[in-house]
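Visitor: This is the structure I have questions about; it appears just below.
Nothing in this text is a laboratory measurement; each read-out follows from the coordinates by a stated rule. Not measured: the values here are computed from a predicted model. Positions of Cβ are backbone-derived with ideal geometry, glycine not excepted, and every protein chain shown enters the neighbour counts.
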Amino acid sequence: MMKTVQTSKKKRDRYRPLKIFSLLILLLLPLFGGDQNNTETSQTLRQSYEKHHSFWLNLYQENRKILQLQSRIESVKKQLDQKSTVKQRQELQRELSQLESQLETAQEIEQRYRQNITLPLKELEATELNLFSYLTGSPRRKIKELTNQWRQNDNEVNEVLLRIDTYLEKSSKLLELNASEHEHASWQEFADMLHQQRLFFVSIQENLLEQKQTLRAHERLIQRKIESYEDKELTRLIATLGIVAVLAVAVLLTRRLIDRYVVDEDRQFALKHTLNLMSMLLGLLIIFFIYIEKVTHALTLFGFISVGLTIVLKEVWLNIAAWLYISFSGIIRIGDRVLLTDQMRSVIGDVIGISPMRITLYEMINHTSAVELKRAGRIAILPPNVIFSRSFYNYTHERLKTLYDLVEIDLGLETDLDHAEAIATDVVEHQTTRYIDLTNRQFTSIQNRYEVRNMNFKPQVQFLMNNERNCIRMHLWYIAPYRDILQVRSEILKALLKAFMADERIVWLREK
């Protein structure tokens, strides 16, 4: 038994140096290994934070760089005021130029960063609604895009602040550990940097909040603009389209009625042109009053404009008024033969064109052109207002194709007037009987429009005394077609000349 106890004691004594060495290692480990572990923790934490270089941290670094450069520039400027030697001032001036160049570059970089987080709200202020933007919804889409951009910026800034708070909490725990003075200063520097970044991003967050409020104000403004556009401009536009549609339908129906009930093609043409013009003027006038805010102002403005235009464009308005009168009354139509006279000259011809600014005549061969003008075949262009200011004759009004013509023959005093009248009547009736029947039929249209008694279109012979030549002047009136009047006159004169020359009871002198 005694031997066994001694053996165990020997074994314990043999392991005692190993136990003492292990205890020493455990006692010295905090002195040598504690700082190393703390150093590794601080470096790992800083490296982990600095690995995530986001857009926002780059913005902070550029802002920090600008502040440092501005501080250094102020310091150099103070040194320039204090230094007196030329060499020192030159060195400081060079340094100042470099710093200012670096500051300008840093400010440009920061400006580019800030442009990405600044919402283009001025574009919303200048937004003007029109039909295209209203139908495409571009204002609302722009608001939505800016809202999404703001929301993305706000989320990213919140993430940065959350990350900063997380590392601040970790750094606070490290500062509570027992560490060396150097390591404690390193952790404190890291924590101070995080505090500065947090202050910077809190200011960014406040700026984003202001942007949100401004964006909401612009959103309400856009909504009010849309509602105002719907109440005013859109209503006016719909009213305008409705008026145009109604006028178009009315014009179409009226044109069909004209085609159905107006047989004359020339009158159809004039009425359709007048209808188009009147509908256009009426539509413009109605639309004018629709888009004018105050009717009284519109009437005053319209009155002044009308007076000015009336004075300046007097002839133009007279022409338009005359054209409208011609179109509605039908006193002149394409194909009519008319005579326009004034103190200077006469123009007779067929109407070949009527427009608001001119009446075009083709000068025909007739008695007037042969005796007075001595020429024919010219194109005469006259303003429509000549029907108000000059003597005006229409030889073919209401589709009359014939007119009275006069032949004058001087006879001697010895002439048997009864016999001469009988011969002249017989000759003229032979030449114009068919024209008398035509005139009787056409004269019905005149009687339907005017209060006219029945007319006798048979030839009429009248005798007058001509004291100047001491003779009897025979006036022979007869009906002839206006287009062939000279030819009929020629045939009558030839027949009368032959009959008078062959009869001894008629002393025929000559035609004047």
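Visitor: If I model a spin label at Val249 and Arg140 as a point 7 Å from the Cα along the Cα→Cβ vector, what separation in nanometres do I get?
Guide: Going by the 7 Å Cα→Cβ label model, 3.1 nm.
Visitor: Give the calculated FRET efficiency between Glu206 and Met280 to the nearest 0.05, with a Förster radius of 45 Å applied to their Cβ-Cβ distance.
Guide: 0.15
Visitor: What FRET efficiency would be calculated for the residue pair Thr360, Ala239, taking the C-beta separation as r and a Förster radius of 51 Å, to the nearest 0.05?
Guide: Once rounded, the FRET efficiency stands at 0.80.
Visitor: Would you mind checking Lys122/Lys142; Lys142/Lys212; Lys65/Lys170 for any pair whose Cα atoms are more than 24 angstrom apart?
Guide: As for pairs spanning more than 24 Å Cα to Cα, those are Lys65/Lys170.
Visitor: Multiplying the sequence separation of Gln70 and Asn148 by 0.36 nm and subtracting their Cα-Cα distance, what value in nm do you get?
Guide: Contour length minus Cα-Cα distance gives 24.5 nm.
Visitor: Evaluate E = 1/(1 + (r/R0)^6) for Ser180 and Gln47, where r is the Cβ-Cβ distance and R0 equals 22 Å; express this FRET efficiency to the nearest 0.05. Present the calculation step by step, with values, prior to reporting the outcome.
Guide: Numbers: r = 20 Å, r/R0 = 0.89.
E(calc), rounded to 0.05, equals 0.65.
Visitor: Got a sec? Which residues in segment 378-418 would a label at Met465 touch, if it sits 7 Å along Cα→Cβ and we count backbone N under 18 Å?
Guide: Of the residues in segment 378-418, 410-418 have backbone N under 18 Å from the label point off Met465.
Visitor: Follow-up. Each residue of segment 383-393 in turn: what ³J(HN,Hα) in whole Hz from Karplus with 6.51, -1.76, 1.60 and θ = phi - 60°, glycine and Pro shown as x?
Guide: So the J values, rounded to whole Hz, are x, x, 6, 5, 5, 8, 10, 10, 5, 9, 10.
Visitor: With 10 angstrom as the radius, rank Arg220, Arg140 by how many other C-beta atoms surround their C-beta, starting from the fewest. Please report the intermediate quantities before stating the final value.
Guide: Details: Arg220 10, Arg140 15.
So the ranking, lowest neighbour count to highest, is Arg220, Arg140.
Visitor: Need the full-extension length gain, Val262 to Gln98, defined as separation in residues times 0.36 nm minus the C-alpha distance. One decimal, nm.
Guide: So the chain would gain 49.6 nm between Val262 and Gln98.
Visitor: Starting from 0.36 nm per residue, how many nanometres of slack lie between Leu413 and Leu486 once their C-alpha separation is accounted for?
Guide: Values: separation 73, 0.36 × 73 = 26.28 nm, distance 2.88 nm.
This chain segment gains 23.4 nm when fully extended.
Visitor: Now a separate question. Pull up all non-local amide H partners of Val507: gap of 5 or more, or a different chain, and H-to-H distance under 5 Å with H placed in the peptide plane.
Guide: Result for Val507 returns Gly412, Thr415, Asp416.
Visitor: Apply the Karplus parameterisation 6.51 cos²θ - 1.76 cosθ + 1.60, with θ equal to phi minus 60°, to every residue of segment 462-474 and state each ³J(HN,Hα) to the nearest whole Hz, in sequence, with x for glycine and proline.
Guide: Along segment 462-474, the couplings run 10, 10, 10, 8, 10, 6, 5, 9, 6, 8, 9, 9, 9 Hz.
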